[in-house]
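A.B. asks: Quick one: this structure, given as structure tokens, is what I'll be asking you about.
The values are calculated or read from the model by the stated rules, or taken from the named source; none is laboratory data. Remember, predicted model here, so these are calculated numbers, not experimental data. So basically every Cβ, Gly included, is an ideal-geometry build from the backbone, and we count neighbours across all protein chains shown.
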Amino acid sequence: MTSFHHIAVLMGGWSSEREVSLNSGEACAGALEAQGYRVTRIDVGRDIADRLAALKPDAAFNALHGKWGEDGCVQGILETLQIPYTHSGVLASALAMDKARAKVAMKAAGVPVAAGVVASPAKAAQRHLLPPPYVVKPVCEGSSVGVFIVRNDYEHPPQELTRADWTHGDVLVERYVAGRELTCAVLGDRALGIIEIKPAEGLIFYDYEAKYAKGGSYHILPARLSPEIYENIQKMAVDAHHALGCRGVSRADFRLDDRPEGTGELVCLEVNTQPGMTATSLVPELAAHAGLSFGELVRWIVENASCNR
């Protein structure tokens, strides 16, 4: 028996991940309708507080990605209006969105992370702040927006950081960890399976195109790992979820250097508190592998909604 009937699905917004959010929101709205909920789709603007106060939904399904939707801002509005909402709360959302501070919390909980430094775009473009290879990424963005891999043969850091249209703020300059890209979702307190992500031929890494373009990547599920490493990654995903104070569903991304000449190093790159819910998204795929249909997954997420998250 559902405790919610009228669900506002929040999507779109004005972050760099707007289009992905619209796709996630539409997919979730359709699935919720198929599950018997009354759904109102809201393309979120800066008048969102007034719109929600007038609408008075039973709960809000947060399908926003990126700044203002994933970083604690909209969560604070929902707390103020006392509208139960999905995914993580104000603090966990803000903390996970700030990659540098999230790494401090994860490291303190025993989750290994790659060393890095925070710098202004101008400083990161002047000289190598770490010995190559390293990665430059915005401190507070998702979906691999604004990410550069600086390889050994690069004489200079990425000069794109100095362009007038750089809008992503400070960057995290982080040691590059070679090897495999792995991801593990957490549902409540339960780790789901692990996917290995391989970018399509011609793509350097799991960037925005690989994430969202059809055929941009292919997934190996379950990832081909030893039972010990598999279980260790699942434990690390749950530990990171708890270290950041996440609620509902999250997804942790990892790198494993198990190349023949590799170091065996395993690090957690980041935790996503608002994982994508599109046709090519990872969490629905992991849920299906665990026996949950897409409809059952969104129903679980919305029935987990609350305030004081």
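A.B. asks: Restricting to segment 72-93, name every residue that is part of a loop (DSSP other than H, G, I, E, B) and surrounded by fewer than 24 Cβ atoms within 10 Å (Cβ to Cβ).
C.D. replies: Selection gives Gly72, Gln82, Ile83, Pro84, Gly89.
Table: residues versus (1) under 15 Å from the mean Cα position of the chain (by Cα); (2) under 30 Å from Gly12 (Cβ atoms); (3) free of Cβ contacts under 8 Å to residues at least 12 places away in the same chain; (4) not in a loop (DSSP other than H, G, I, E, B).
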| position | (1), (2), (3), (4) |
| --- | --- |
| Thr40 | no, yes, no, yes |
| Leu95 | yes, yes, no, yes |
| Ala122 | no, no, no, yes |
| Leu129 | no, no, no, no |
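A.B. asks: Among the residues of segment 276-291, count how many are surrounded by fewer than 23 Cβ atoms within 10 Å (Cβ to Cβ), of a type outside the set (Val, Ile, Thr), under 19 Å from Cys184 (Cβ atoms) and at pLDDT below 95.
C.D. replies: 1
A.B. asks: On to the next question. Can you pull out the residues in segment 54-79 that are touching a helix residue (DSSP H, G or I) at 6+ places or on another chain (Cβ under 7 Å) and either on the phi > 0 side of the Ramachandran plot or β-branched (Val, Ile, Thr) (or both)?
C.D. replies: Trp68, Gly72, Val74, Ile77
A.B. asks: Considering every residue within segment 209-218, establish whether at least one is at pLDDT 90 or above, assigned by TED's automatic domain parsing to the domain that holds Leu266 and either farther than 22 Å from Leu130 by Cα or small (Gly, Ala, Ser) (or both).
C.D. replies: No, that holds for no residue.
A.B. asks: Of the residues Tyr134, Tyr154, which single one is surrounded by fewer than 21 Cβ atoms within 10 Å (Cβ to Cβ), out of contact with any helix residue (DSSP H, G or I) (no Cβ under 8 Å at 6 or more places or on another chain) and not assigned by TED's automatic domain parsing to the domain that holds Leu244?
C.D. replies: Going through Tyr134, Tyr154 in turn, just one is surrounded by fewer than 21 Cβ atoms within 10 Å (Cβ to Cβ), out of contact with any helix residue (DSSP H, G or I) (no Cβ under 8 Å at 6 or more places or on another chain) and not assigned by TED's automatic domain parsing to the domain that holds Leu244: Tyr154.
A.B. asks: Sort through Val104, Val118, Val113 and tell me the only one that's in a loop (DSSP other than H, G, I, E, B), surrounded by fewer than 24 Cβ atoms within 10 Å (Cβ to Cβ) and β-branched (Val, Ile, Thr).
C.D. replies: Result of the check over Val104, Val118, Val113: Val113.
A.B. asks: Could you check how many residues of segment 249-290 are within 23 Å of Ala63 (Cβ to Cβ), without any contact (Cβ under 8 Å) to a residue 40 or more places away in the chain and either acidic (Asp, Glu) or outside the structural domain of Gly188 (by TED's automatic domain parsing) (or both)?
C.D. replies: Total meeting the criteria: 0.
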